[in-house]
Amino acid sequence: MEPLLDISGLDARYGQAQILRGISLSVGRGEVLALMGRNGAGKSTTMKAVMGLVPPSGGTIRFDGRRIDGREAFEIARLGIGYVPEDRRVFSELTVMENLSVGQRPPRQGAPHWTPERLFALFPNLAAMRDRPGGAMSGGEQQMLTIARTLMGNPRLLLLDEPSEGLAPVIVQAMARTILALKGEGLSILLSEQNLHFAGSVADRAAIIEKGEIRFDGTMAALKADAALRAQYLSV
Amino acid sequence: MLDLILTQMLNGMASASSLFLVASGLSIIFGVTRIVNFAHGSLYMLGAYLAVTLVGAFGPASPLGFWGGILLAAFLVGLIGIVIEVVILRRIYQAPELFQLLATFGVVLMVQDIALAVWGPEDRLGPRAPGFKSFVMILDSRFPSYELFLIAVGPLVLGLLWFLFRRTRWGTLVRAATQDREMVGALGVDQRLLFTSVFGFGAALAGLGGALQLPREAVTLHMDLSTIAEVFVVVVVGGLGSVGGAYLAAVLIGVLHAFGILIFPKITLVLVFLVMAVVLIVKPYGLMGRKPAATLPGAAGIEPLLTPATPGAKLAGLAALLLLAAAPLAVSDAWLLTLTELVIFALFAASLHVMMGPGGMASFGHAAYFGLGAYGAALAVKWLGAPMEPALLLAPFLAGIAGIVFGWFCVRLSGVYMAMLTLAFAQIAWATAFQWVELTGGDNGILGVWPSAWAVPKAVFFYLTLAICAASVLLLRRLVFSPLGYALRAGRDSPLRAEAIGIDVMRVQWAAFAIAAFAAGIAGALFAFSKGSVFPTYLAIPRSVDALLMVLLGGVQTVSGPVVGAFAYIGLSEQLVKLTPYWRFTLGLAIVLLVSLFPRGLVGGFLAWRDRRDAGDPAR
Ligand SMILES: Nc1ncnc2c1ncn2[C@@H]1O[C@H](COP(=O)(O)OP(=O)(O)O)[C@@H](O)[C@H]1O
Ligand SMILES: [Mg+2]
C-alpha cells in the first residue's frame, strides 16, 4: 500500500540559504516516524515545507497519493494534515475553549473524530481550565493545548515538532502515553525529536537528518543498535 | 452654567460615537491585516455621500426611507471595502509598511476625485432623522434628541462588537489571527476570506459612522482627511488594536473638543495636544494599547547601505550644479520659474529623506514644515512688514519650532504609529491655516509676498534659490555622515544595541526631526517668495505625499536619490495636471499600480529580479 505521506527530493531555502537538500521520507498509514537530528539540522523546516509554510523550491510531496507541494497551508490542513509547531504558539488571548474552536473542522472519513469532551479525556489537565486564557498556562499545559487544538481538525496525519522540548520528565512521560494513545486511534504521526529515549518509546521507524540531508532511514531498533551512528549525528 | 456644561458634555459624546465607529473599524482591520488603512476617512466620507443620495431617493420623511438609506449606505461602503481589499490590498500584504500606507493613500486620492465627479464640489446637507426632529429639555436647555440617539449608538456598537468578538466563531478567528495569522492558516482557516471579511466589516463601520452624521453636519469633500486625522489621534490615544480604548479615547477627544470650542475656541487643538502628550508620556502605546510586536524591516531593509559619494558621483553632482547654474543663459523666464521650483522641491525631498532614510522615520505630514516655512515668510511680510531677507531668515524657525514640538511626540512612537501621528499634526497645521482667517486669510491665502527689488529678476531669484538649496542639501548630506548621522542609523537598524552603546535614540531622532523640519521650512520660505503668495494647500496632505513619492522614486537609501526623485516626480506631475482635471485620481491610480506591481519597491523589485537571474532560474 502506498504511504500516507511521501516526500521525494525535497529542497527548501530561506532566501539565498539552501536548508533542505533532496529530502526523501515517507510515513506509512498508522505509523509513527521519528525525524531526528541536532539543532539546526532542518527538522522544523521539513515540517514547515510539508505544511506549506515554507515554499519548497524542488521535489514533490504527496499526501494520500495527491500532490500537496505548492499548496497553501490552509488547504493542506483541510486535506487532513495537522501541524503542531515547536514553539507552541497558543493564542494567548483566547481561552482554552476558544483555542480549540479555532482548530475545529468538520469530521473526516478515515480519521478519528475529536470533540472537546474527548480531548479533555485525553488531556485531563485541560478540562479544569476551559476558560483560562492560553497565555496564563504552564509550558506543559500549553503543549497539550496545541496538540488538542490541532486534533480538533480531525487530521489523519499529525506533524509534531519536538513535543518533549523543555518539558519536565513526568510530563514527557505523559506526552509519550498520549502519542501512543493517538497511534492507537489510527493516526499517523511524523515526530521531530532530539531525545532518543522519548522517540524510542513511541516511534516505529526513525530517520536522521543532518545539514538538510537524510543520513539514516530505518527501524528504531536498528538505530538503537548502532552506537556509532548515534554518536555521529545525535550526541549533543 | 451647569446645564451648559452638561449639554457640551453630551455634544462631545455624540460626536464621539461616529469617531468611535471609524476608529474601531481602523483598529480591527489593523489588528488582523497589519495595514493602517489611510483610506478609512474616505470610506467615512463615502458613507455620508451615499447616505445623502440614498435617503434622498428613498424619501427622507419616512422612517423606512431614512434608516433604510443609512443602513444601505453602510452596507455599500462595506462592499466597496471588499473590492478595495480584493483588488489592491491582497497583493501587498507582504510589502514593506511604508508601501502599504502609500497604497491606501493612493485610494484616498482616487476616492476624492470620484466623490468630486459624482457629487460635485458643493457641500451637501442631509435631512433630519424622522422621529428625532425634536428637542429634549435638559435642565433649562434644549438638546436635540438625535444627539441623544447618537450618544447611545457608541456603547451599543461597543456592546455589539464585544458580542461579535467574544461569542461568535468569526470573532474568535479574528482575535486569533490578530495574534498569529500563520498559525490560524495552518489550522485550516482560509485567511483570504477572513481578511476580506474583516476589511469589509471595518469599512462598513466607517460607512455607518459617516452616514449617521447626516442630520448633524454638512457632507463635504474635506471630510475624509479631517476625519482620518482625528481618528489617528483617537487611535494613538486609545491604543491601536483596542476597541475599548478607541471608545474611551473617542469620548475623551470628543468631549474635549466640545468644551474647548466653548471656552477657548482658538486653542482647542492645543488642548487635544496636551491630552495626547500626557497619555503618550504615561502610556506610549495608548490608554489600552500594548507594545506592538517587532515589525518586519520596512523599506529601509531592502536597499543598499548609504556610502559617501565616490569621486565620480561628486563630479556628476558638480556637473549637474554647473548645468543648472548655466540654465538662465539658455532658457526662458517661464522655464526658469519651473526650474526654481524644482530646486526648491529637491531641498524639500532631501529634508524628508534625512528622516526616512538614515532616520527610518516615515512622515506622512512633512508638508506641515514646508507650509509653515512658507507661512512664516508670508506672515513676516504681512504682519511685521519685513523685507525678504529677514523673512527668509526667520521663516525656517517657525517650521523648526513646530518640528521640535511635533517631533517630541512623534519620536515616542515608531513605524506606522509615527506615520499616523505625523499625518495628524500636518492636518492640524492645515486646519489652523485654513480656519484662522484673521491671521492667515484662510482659503484666500496671503498675497503679495514678493522678493526684494534686487531679487525680482527671475534669474537672480533662481541663483539665490540655487545657492541656498544647494548649500542646504550639502549640509544635510554632511549631517548623514556626521556622528549624529551615524547615531541615527544605528538607532534605526538596532535601537536596543544603539541604546546599549550609549546613544539616546529618541533624542537623536528628535534632533533629526527638527533639522528636517527646519530644512523643509527653508524650502517653503523660498517657495512663498517664488510664487508671491501662500495658501493652505501648501501644508495639505497631498503635498506631504508628493514629498514621499519623490523620496521613494529616487530610492530611500541613496543620498542623491531624493534630488533626482524630485526632478522626476515634479516633471511627471506637472504634465499630469496639464493633461487631466482628475489628476488626483490618476496620481492615486499610479501609486496603487506602482505598489501592487512592485510590492518591494522599485529597487527591491530590481534586486529580486537580479537574484533570480543570478540563480539561473528563468522559470520563476
Ligand atoms: N526563518 C528562517 N530564516 C533563515 N534561516 C532559518 C530560518 N529558520 C531556520 N533557519 C535555518 O535553517 C536551518 C534549519 O533550521 P530548523 O529547520 O529550524 O532546524 P531544526 O528544527 O532541526 O532545529 C538552521 O540553520 C536555521 O538557522
Ligand atoms: Mg526545530
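The values are calculated or read from the model by the stated rules, or taken from the named source; none is laboratory data. The structure presented is a predicted model; accordingly, all values stated were derived computationally and were not measured. Cβ sites come from the backbone with ideal geometry, for glycine too, and all protein chains shown count toward neighbours. What goes into the accessible areas is simple: the full protein's heavy atoms, side chains included, and nothing from ligands, DNA or RNA. Shrake-Rupley method; radii C 1.70, N 1.55, O 1.52, S 1.80 Å.
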* Would you mind finding the one in B:G65, B:G78 that is open to solvent by less than 30 Å² (accessible area, probe 1.4 Å), closer than 18 Å to B:L205 by Cα and in contact with a helix residue (DSSP H, G or I) (Cβ under 9 Å, 6 or more places away or on another chain)? => B:G78
* From the set of residues in the stretch A:23-64 that are part of a loop (DSSP other than H, G, I, E, B) and touching an Asp or Glu at 6+ places or on another chain (Cβ under 6 Å), which is farthest from ligand 2 (Cβ to nearest atom)? -> A:E31
* To do: Tell me, yes or no, whether the stretch B:163-174 has at least one residue that is in a helix (DSSP H, G or I), open to solvent by 10 Å² or more (accessible area, probe 1.4 Å) and away from chain A (no Cβ under 14 Å).
  => yes
* Residue by residue through the stretch B:375-402, note down the ones that are assigned to a helix (DSSP H, G or I), hydrophobic (A, V, I, L, M, F, W, C) and farther than 15 Å from B:F518 by Cβ. => B:A378, B:L379, B:A380, B:V381, B:W383, B:M388, B:A391
* Counting only residues that are in contact with an Asp or Glu (Cβ under 8 Å, 6 or more places away or on another chain), give me the helices (runs of 4 or more DSSP H) lying completely in the stretch A:125-225 with at least 1 of them. => A:196-202, A:220-225
* Asked: Within the stretch A:20-58, which residues are surrounded by fewer than 21 Cβ atoms within 10 Å (Cβ to Cβ) and either more than 14 Å from ligand 1 (Cβ to nearest atom) or away from chain B (no Cβ under 14 Å) (or both)?
  -> A:R21, A:G22, A:S24, A:S26, A:G28, A:R29, A:G30, A:E31, A:R38, A:N39, A:G40, A:G58
* Scan the stretch B:83-98 and give yes if some residue there is within 30 Å of B:A419 (Cβ to Cβ), within 14 Å of chain A (Cβ to nearest Cβ) and either in contact with a strand residue (DSSP E or B) (Cβ under 8 Å, 6 or more places away or on another chain) or in a helix (DSSP H, G or I) (or both), otherwise no. => yes
* If the Cβ limit is 9 Å and pairs must be 6+ apart or interchain, which residue in the stretch A:175-193 that is at pLDDT below 95 pairs with which residue that is charged (D, E, K, R) and crowded, with 19+ Cβ neighbours inside 10 Å? -> A:G186/A:R156; A:E193/A:K43; A:E193/A:E162
* Asked: Does at least one position in the stretch B:334-356 carry a residue that is out of contact with any helix residue (DSSP H, G or I) (no Cβ under 7 Å at 6 or more places or on another chain) and crowded, with 24+ Cβ neighbours inside 10 Å?
  -> no
* Among the candidates A:L187, A:L167, A:L157, A:L182, which residue alone is closer than 21 Å to A:M36 by Cβ and either open to solvent by 10 Å² or more (accessible area, probe 1.4 Å) or within 16 Å of ligand 2 (Cβ to nearest atom) (or both)? -> A:L167
* To do: Look through B:A250, B:A206, B:A229, B:A246 and report the one residue that is more than 10 Å from chain A (Cβ to nearest Cβ), under 21 Å from B:L71 (Cβ atoms) and assigned to a helix (DSSP H, G or I).
  => B:A206
* Asked: Residues in the stretch B:178-194: is at least one open to solvent by less than 10 Å² (accessible area, probe 1.4 Å), within 14 Å of chain A (Cβ to nearest Cβ) and of a type outside the set (A, V, I, L, M)?
  -> yes
* Asked: Looking at the stretch A:80-103, is at least one residue within 9 Å of another protein chain (Cβ to nearest Cβ), among the small types (G, A, S), farther than 26 Å from A:Q194 by Cα and not in a loop (DSSP other than H, G, I, E, B)?
  -> yes
* Structure fact -> Within the stretch B:16-41, residues surrounded by fewer than 24 Cβ atoms within 10 Å (Cβ to Cβ) and of a type in the set (G, A, S) come out as B:G31
* Structure fact -> Across (1) within 12 Å of ligand 1 (Cβ to nearest atom); (2) more than 17 Å from A:Y83 (Cα to Cα); (3) modelled with pLDDT of 95 or more, A:Q16 clears everything bar (3)
* Structure fact -> Screening B:R175, B:R167, B:R192 for residues that are out of contact with any helix residue (DSSP H, G or I) (no Cβ under 9 Å at 6 or more places or on another chain) and among the charged types (D, E, K, R) leaves only B:R167
* To do: Could you check A:W114 against (1) more than 12 Å from chain B (Cβ to nearest Cβ); (2) more than 19 Å from B:V184 (Cα to Cα) and say which number it fails?
  => (2)
* Asked: Restricting the search to the stretch A:65-78, which residues are facing chain B (nearest Cβ under 9 Å), open to solvent by 10 Å² or more (accessible area, probe 1.4 Å), not small (G, A, S) and not in a loop (DSSP other than H, G, I, E, B)?
  -> A:F74, A:E75, A:R78
* Asked: If a residue has to be of a type in the set (V, I, T) and under 15 Å from B:L156 (Cα atoms) to count, how many in the stretch B:1-38 make the cut?
  -> 1
